[in-house]
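The values are calculated or read from the model by the stated rules, or taken from the named source; none is laboratory data. No experiment lies behind these values; they were computed from the predicted model shown. Backbone-built Cβ (ideal geometry, glycine too); neighbour counts: all protein chains shown. Ligands, DNA and RNA are excluded from the accessible area calculation, which covers all protein heavy atoms including side chains. Shrake-Rupley method; radii C 1.70, N 1.55, O 1.52, S 1.80 Å.
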Amino acid sequence: MSTVVAAGRRILPRGWADFGRQLAIWFGFLAAYQIARGVADRHPERAFSNGLRVVGFETRFTHQLYELTLQQFVDQRHWLALAVSWTYWNSEFTVLGLALLYVYVRRHNAFTRFRNTVLLANVLGLFGYVFMPTAPPRLLGVGFVDSHRNGLVSLAANPYAAMPSLHAADSLIVGIVLATVVRHWWAKAFWIAWPFWVWFAVMATGNHFWLDCVAGMGVALLAMSVIFHREIARTLAFRKP
């Protein structure tokens, strides 16, 4: 026991107690997500109606569904199909969780704002799921292949949480924050490219339209502007002549 306590003091910036609080906050959010999912699941007809409205908007705006072209392109390349599928399933919790852990341990001064930005963006997204549940492209019968039909999907995923895309929101937050705290140029380049790759992956897997991603980006930018408003104000004041 003393070895574990000593390891916590050496590795964790504020010891095991604070680390436990952070885990409680995160898993508390996951519980809230499941509650919101349960509410959204009660209105599948609204979710499909809203999804078809997105289809109508995009086809009027761009005259085609570019996401369908992306999926067909990816499905012809097995390695790329595996890469986008892995990204879809791991970017939201695995990569996000590891990014939070890294910032907590190695760049702790940036952790609280990073965590709060992610939480605020996700809370905004939950409101969207409750008040405007939206089915993803793969469930709408408009040509997409649904490759996510198994028990794990039913257990872990909200089937009517396409708008806004929290994959798009969280990847943008992770990309911006990690790019500012890592030191090596190649690491900065990777995290700058990360959100673009995630946006491509969620569209190519038939889980989000580009309009869902744009809404997710808006949620992320709104959350960052709220949490980082002091830093933004200082930057703007510094640049004034």
Checklist outcome for this item: Of the residues in segment 103-125, those that are closer than 20 Å to L166 by Cβ and open to solvent by 40 Å² or more (accessible area, probe 1.4 Å) come to R113, R115, N116, L120, V123, L124
Checklist entry - Taking segment 74-93, which residues are more than 11 Å from the chain's Cα centre (by Cα), open to solvent by 20 Å² or more (accessible area, probe 1.4 Å) and hydrophobic (A, V, I, L, M, F, W, C)? => result W79, A81, L82, A83, W86
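So that you can scan it fast, the table gives a plain yes or no per residue for (1) under 24 Å from A193 (Cα atoms); (2) open to solvent by less than 70 Å² (accessible area, probe 1.4 Å):
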site: Q72; (1), (2): yes, no
site: V95; (1), (2): yes, yes
site: P133; (1), (2): no, yes
site: V145; (1), (2): no, no
Next on the checklist: Among the residues of segment 147-182, what is the count of those that are at pLDDT 90 or above and either surrounded by fewer than 16 Cβ atoms within 10 Å (Cβ to Cβ) or among the acidic types (D, E) (or both)?
Outcome noted: 2
Checklist entry - In segment 205-226, is there at least one residue being in a helix (DSSP H, G or I) and farther than 19 Å from L124 by Cα? => result no
